[in-house]
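Remarks on the structure that follows.
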Amino acid sequence: MRILLVAPAFFEFQPGGTELCARSLHRSLLNQPGVESQLLACVPSWHAKPGAGSDFLTPTDGQGETGIAIRAFDHFHLSQPDHLGALRAFRDFLEGYRPDRIHFHHLLYLGVEGIAVARRACPKAEILLTLHDYYAICANDGLMTKKPDGALCYAAQPHACLQCLPEASIDAVALREQGIRAALDLVDRLIAPSAFLRERFIAWGVPAERIVHQPNALPEGWEGRMPLPARDRRAGEPPVFGFFANVMPHKGLHVLLEAALWLKEQGMAEGTGGFRIAVHGSDKHAPDAYKARIASLAESLGPAVSMRGGYAHEELPGLLAGIDAVVVPSVWWENDPLIVRQSAAAGRPILYADLGGLAEAGKQSGGIGFAAGDAAALAQRLQAFIQGTEALAPQKVEPALAAIDGQRQRPEKRPA
């Protein structure tokens, strides 16, 4: 069987969970008998520029990994306008490779037109689409939060969407939805990594029988990993809480630092029973106002917090070895965040915001939840952990996503 995995970017250029899932799945398929796999990753112009007259790049040394140049994209409509460039090149790639199954991992960059091209070029192929976020429903970067305060959004409604996107129009919002729905109708099966995301798409109008709940697999290098031993702490040494995510408002670092500041004001930042916070994540794309907010909180916390910047995927086990518990304080719905499953696999306790897909992953991993966005509630959880009164039992979570492309669960063909 020939399988083509289509990713919105190479993980080497855009180290996100979606890209890591696609690459990990491709590399796991390379070792399966009777399966041939190719990874086609989009390469927007700000990641790398192709050579003159070329639509394809090979920016990695991975086996069966090819990049397709993206020179333009309509983010609002999730639409690829370059019919003579990217879409023609995608069609040529499909006609040359002739996959039996095409597994998209996003609508970004090849857009809704990419799915239409795949259906025309390979009419007998199965087409899958993993919904790693809410982009299809929400034009606000798929966050399903409201501007300017970041309040949670429960459904896409044209008039409400215009409050977040005042530059758009009712007609534009309607056309966006129509174009995305038409593309989804061409897909054989939609894959939801969380039950919460599945319910959101069903509420949006996707028939329940067309969308299957299949949690993310642990990424490459993590399957079968033994839990790390507990961190070796000297007597009186404070516990270290780790934050692992990009420093962006929706990831909720401010909630963690505000909770830590409350603990410091209670006299818990120093000496026996104190704590430390290690922040692992880049603020490269954070709004300036949010950078300033985080900098102010970090300054107030002093040596209790260390901002350690971004990290490579390969560094994560070593970084987890240096902390006592992981805090995931996101203030948006999330889907099936890999850091939760990786932390559980590494044997690190997890404190998580109790909402959406994050709550699912946290509960499955034996973590402890707290009210999302509530710094006081998180402070109580941190305090209980520091004092040894909070029981946290991380549990091993078995990989699952590979079952989709490994044929252990074969999707039914789409209705005629």
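The values are calculated or read from the model by the stated rules, or taken from the named source; none is laboratory data. Just so you know, these numbers come straight off a predicted model, no measurement behind them. Here Cβ is always computed from backbone atoms with ideal geometry, including for glycine, and neighbour counts include all displayed protein chains. Ligands, DNA and RNA are excluded from the accessible area calculation, which covers all protein heavy atoms including side chains. Shrake-Rupley method; radii C 1.70, N 1.55, O 1.52, S 1.80 Å.
Structure notes:
- Between helix 253-265 and the chain there is an angle of about 0 degrees, using the helix long axis and the longest principal axis of the Cα atoms.
- Computing FRET efficiency as 1/(1 + (r/R0)^6) for Arg2 and Asn246, where r is the C-beta to C-beta distance and R0 is 45 Å, gives about 0.85.
- Once the Cα-Cα distance is subtracted from the 0.36 nm per residue extended length, the Gln266 to Ala295 segment shows a gain of 8.3 nm.
- Solvent-accessible ranking of Trp333, Trp262, Trp46, largest area first, probe 1.4 Å: Trp46, Trp262, Trp333
- Dimensions of the stretch 199-309 from C-alpha coordinates, computed as largest minus smallest value along each principal axis and given longest first, are 56, 40, 26 Å.
- Accessible surface for Ser300 stands near 50 Å², nearest 10, in the context of the full protein assembly shown (1.4 Å probe).
- In this structure Ser45 has an accessible area near 50 Å², from a 1.4 Å probe over the protein heavy atoms.
- Non-local lysine pairs in the chain, meaning eight or more places apart or on different chains, with alpha-carbon distances under 23 Å, amount to 14.
- Residues Ser28, Ser330 ordered from highest to lowest accessible area at a 1.4 Å probe: Ser28, Ser330.
- In the calculated pair-distance distribution of the stretch 120-204, the portion above 15 angstrom amounts to 62 percent of the Cα-Cα pairs.
- Spin-label pair Arg88/Leu165, simplified geometry with 7 Å Cα→Cβ offset, distance in nm: 2.9
- The stretch 119-215 - charge dipole about Cα centre, Lys and Arg +1 at Cβ, Asp and Glu -1, debye rounded to 20: 240
- By a 1.4 Å probe calculation restricted to protein chains, Asp92 has an accessible surface near 80 Å², given to the nearest 10.
- For the chain, the equivalent ellipsoid derived from the Cα gyration tensor has semi-axes of 38, 24, 20 Å, listed largest first.
- Between Arg225 and Ala182, residue separation times 0.36 nm minus the direct Cα-Cα distance comes to 11.3 nm.
- Equivalent ellipsoid semi-axes, the stretch 247-361, via Cα gyration tensor eigenvalues times 5, rooted, Å: 21, 18, 15
- The magnitude of the dipole of the stretch 33-191, with charges of +1 and -1 set on the Cβ of Lys/Arg and Asp/Glu and taken from the Cα centre, is near 180 debye.
- Crossing angle, helix 17-29 versus the chain [Cα axis fit, 0-90 degrees, rounded to tens]: 60
- Probe 1.4 Å, all protein chains present, accessible-area order of Ile127, Ile202, largest first: Ile202, Ile127
- Rolling a 1.4 Å probe across the protein heavy atoms gives the chain an accessible surface of 42 Å² per residue.
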